[in-house]
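Taking it in order: structure first as structure tokens, then the write-up.
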Amino acid sequence: MHDMTAGNLRSAFGGESMAHLRYKIWGFKAEADKFPNVARLFRAISRAEQAHGTGHFKAMGDVAGAFLVASGGGFGLGSTSENLAGAIAGETFEINEMYPTYLEVAKMQDEKAAIKSINFALAAERIHADMYTRAKDAVDSGKDVELGPVQICTVCGHTIEGDLPDKCPICGSKKELYETFA
């Protein structure tokens, strides 16, 4: 794998790993703030971020060793509204800046596994930003978000509220590979 694509995947892996844990922490805060559906949303999307990180890790293939990894990491434990704003900002950065740039580099270097992994994450992050925005609107009006079962594709991180699709619209995985957060 070309060094630049490998470096971008390591950075994306680091960022997704931090988002995975940060969303779990923010989920505990939402639970404490009496927003159980927001807490469930944070837990579900945390699982999707784990899928993204796993995809990036696997896409690196035989790249092995210890590396210093530069990743954008959001920090801070605020109110549930502030934490949702942080989640929206992080997802929006990935959608508008990070993943499009990493994707172009991977395409230029013809790194097919990286292209696939980045495209999977990018498609799911758009959904996450929308779901977090809806949750923030509810919290800012003093209510918990109305939320049905949240389904996460454990392969690519596709996220959907409601019934399971027969197959993932992003990666084509069977519905049995979804994890449900109800």
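Throughout, read-outs are computed from the coordinates displayed, never taken from laboratory work. Bear in mind the structure is a predicted one, so any value in this text is a computation, not a measurement. Please note: Cβ atoms are built from the backbone with ideal geometry, for glycine as well, and neighbour counts cover all protein chains shown.
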Run down the lysines and flag those whose C-alpha is under 30 Å from the C-alpha of Lys29, throwing out any fewer than 8 positions away in its chain.
Lys136, Lys143
Rounded to the nearest 500, what is the 222 nm mean residue ellipticity of the chain from helices alone, with -39500 (n - 2.57) per DSSP H run of 4+ residues and division by all residues?
-20500 deg cm²/dmol
Once you place label points 7 Å from the Cα toward the Cβ at Lys107 and Ser79, how far apart are they in nm?
4.2
Per the C-alpha gyration tensor (a ≥ b ≥ c, the square roots of its eigenvalues), segment 91-182 is rounded if a/c is under 1.5, else prolate if a/b beats b/c, else oblate; here it's oblate
Inter-part gap, Cα centre of segment 1-21 to Cα centre of segment 128-182, in whole angstrom, is 23
Within 10 Å, count the other beta carbons around each residue, average over each peptide in 12-24, 100-112, 65-77, and list them highest first.
12-24, 100-112, 65-77
Once fully extended, how much extra length lies between Lys174 and Ser71, figured as 0.36 nm per residue of separation less the alpha-carbon to alpha-carbon distance?
33.9 nm
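Hey, what did segment 3-145 get for relative contact order, percent, Cα under 8 Å, at least 6 apart?
31
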